[in-house]
Amino acid sequence: MSNTDRRPLGNSGFEIAPVALGCWPIAGVTTLGTNDADSLATIRACFDLGINHLDTAYVYGPNGESEMLIRKAIEGRRDEMVIATKGGIHFEGDKMAGDARPETLHRECEESLRRLGTDRVELYYLHSPDEVTPIEQSAAAIRELIEAGKVRSAGLCNASLEQIQAFHSVCPLAAVQLPYNMLQRGIEQETMPWCGEQGVAVMVYWVLMKGLLAGKLPRDYQFDPADSRLKYPMYQGDEWQRNQDLVDRLREIADSAGWSVPQLVTAWTLAQSGVTAALCGAKRPDQIRESAAALDVELTGVQLAEIDQALAERGEAVSNRNFK
């Protein structure tokens with residue numbers, strides 16, 4: 001992948017590859033089978049793949065494991081990466097808690113910078129609005145971090161369009177980060193068009209719906225009782241079977257073109273109007289290599305029509321996280 005394939009990160013002045021590395025899995029919190037050696041190798045593989053955007057957060061690991069692994073993996077090559085981290089969520093014991101107060105964002109940003117071993121991050125997100133703090137106050141705090149030179153641009157995750165607009169009125173956004181995939185398309189209705197009008201990048205996660213759309217889970221797959229995916233409706237009952245029917249159709253389309261299902265799904269995502277980049281989680285180098293290979297997939301009109309037909313037959317999915 002060449003630099004000409006990169007896309008603007010909103011109005012930040014930075015350009016990123018359309019596939020970015022989501023660094024939640026390497027934290028090892030809900031992802032089974034992680035280890036530091038594989039995690040470091042996964043981050044370092046990004047250099048060879050042309051992936052120049054790493055997405056992490058203060059809460060990615062009870063003690064900042066994700067940020068500290070990034071520091072070690074990119075030592076000596078910091079300036080080659082556009083780094084995003086997030087504040088506003090932290091661990092309390094073994095559970096996560098939201099706190100979007102200005103003083104918290106300032107403190108967590110400082111700690112994230114220390115963990116990352118850098119004096120700035122290119123993008124700093126409010127990880128999620130809390131239920132008490134006015135979002136305008138959180139936005140003002142991130143604006144202050146930009147003015148101090150610790151943050152180059154502002155982002156907002158997991159928010160409604162109304163919240164996005166309120167934040168943007170105080171601190172202009174470079175990017176928003178929201179769940180989006182073939183089965184979760186709510187943001188197409190209002191949020192994506194607004195972001196396009198404002199020049200705000202749309203960074204999407206759960207592209208493979210936590211592995212469901214990767215085509216590697218058979219119908220009779222037995223989930224580990226500790227697997228967090230069991231709480232999602234898409235992995236249960238009739239929804240699971242309907243999703244498996246969809247994956248079977250996607251596999252036929254992918255096989256006929258010599259692609260893997262994840263490559264097809266990721267390429268479809270990147271082809272959707274309004275999507276800037278797909279945040280692809282990985283805990284091993286082979287996983288991020290497969291995601292990056294989607295950049296070489298060019299879907300034809302016929303293939304896009306076949307995918308649209310498969311999605312229409314599947315029907316609207318039940319989701320417990322579907323921002324509009």
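The values are calculated or read from the model by the stated rules, or taken from the named source; none is laboratory data. On a predicted model such as this, the values are computed, not experimentally measured, just so you know. Note that we place each Cβ from the backbone using ideal geometry, even for glycine, and neighbour counts take in every protein chain shown.
Residues in region 121-141 that are in a helix (DSSP H, G or I) and in contact with a Phe, Trp or Tyr (Cβ under 6 Å, 6 or more places away or on another chain) were compared, and the one that is surrounded by the fewest Cβ atoms within 10 Å (Cβ to Cβ) is Ile135. Residues in region 36-71 that are without any contact (Cβ under 8 Å) to a residue 12 or more places away in the chain and polar (S, T, N, Q): Asn63 alone.
Pull up region 156-197, narrow it to residues that are small (Gly, Ala, Ser) and outside any strand (DSSP E or B), then point me to the one that is surrounded by the fewest Cβ atoms within 10 Å (Cβ to Cβ). Among those residues, the one meeting the criterion is Ser169. In the condition set (1) buried (at least 16 other Cβ atoms within 10 Å of the Cβ); (2) touching a residue at least 60 places away in the same chain (Cβ under 8 Å), Val247 is compliant with all but (2).
Given the options Gly13, Gly22, name the one that is buried (at least 18 other Cβ atoms within 10 Å of the Cβ), within 25 Å of Val176 (Cβ to Cβ) and of a type outside the set (D, E, K, R).
Gly22 is the lone residue from the list that is buried (at least 18 other Cβ atoms within 10 Å of the Cβ), within 25 Å of Val176 (Cβ to Cβ) and of a type outside the set (D, E, K, R).
Cβ-Cβ contacts under 8 Å between residues 6 or more apart (or on different chains), taken from a first residue in region 205-222 that is without any contact (Cβ under 8 Å) to a residue 60 or more places away in the chain and over 18 Å from Ile288 (Cβ atoms) to a second residue that is of a type outside the set (Asp, Glu) and in a loop (DSSP other than H, G, I, E, B), are listed as Leu212/Leu183; Leu217/Gly211.
Taking Asp79 as the residue in question, decide whether it is out of contact with any Gly (no Cβ under 8 Å at 6 or more places or on another chain) and over 26 Å from Ala201 (Cα atoms).
Criteria not met by Asp79.
Out of region 276-301, which residues are among the polar types (S, T, N, Q) and crowded, with 18+ Cβ neighbours inside 10 Å? Within region 276-301, Thr276, Gln287, Ser291 meet the criteria.
Restricting attention to region 37-73, the residues that are in a helix (DSSP H, G or I), in contact with a Cys (Cβ under 9 Å, 6 or more places away or on another chain) and under 22 Å from Gly93 (Cα atoms) total 3. Annotation: of all residues in region 25-36 being over 20 Å from the mean Cα position of the chain (by Cα) and outside any helix (DSSP H, G or I), the one that is nearest to Pro285 (Cα to Cα) is Asn35. For region 165-203, a tally of residues being under 16 Å from Ser128 (Cβ atoms), among the aliphatic types (A, V, I, L, M) and within 15 Å of the chain's Cα centre (by Cα) returns 5. Of all the residues in region 74-112, those that are under 20 Å from the mean Cα position of the chain (by Cα), in a helix (DSSP H, G or I) and surrounded by fewer than 19 Cβ atoms within 10 Å (Cβ to Cβ) number 1. Scan region 78-119 for residues that are aliphatic (A, V, I, L, M) and either in contact (Cβ under 8 Å) with a residue 60 or more places away in the chain or within 14 Å of Gly64 (Cα to Cα) (or both) and the total you get is 6.
Take Leu49 and tell me if it is within 22 Å of Val176 (Cβ to Cβ) and modelled with pLDDT of 95 or more. Considered against the rule, which asks whether it is within 22 Å of Val176 (Cβ to Cβ) and modelled with pLDDT of 95 or more, Leu49 comes out as no.
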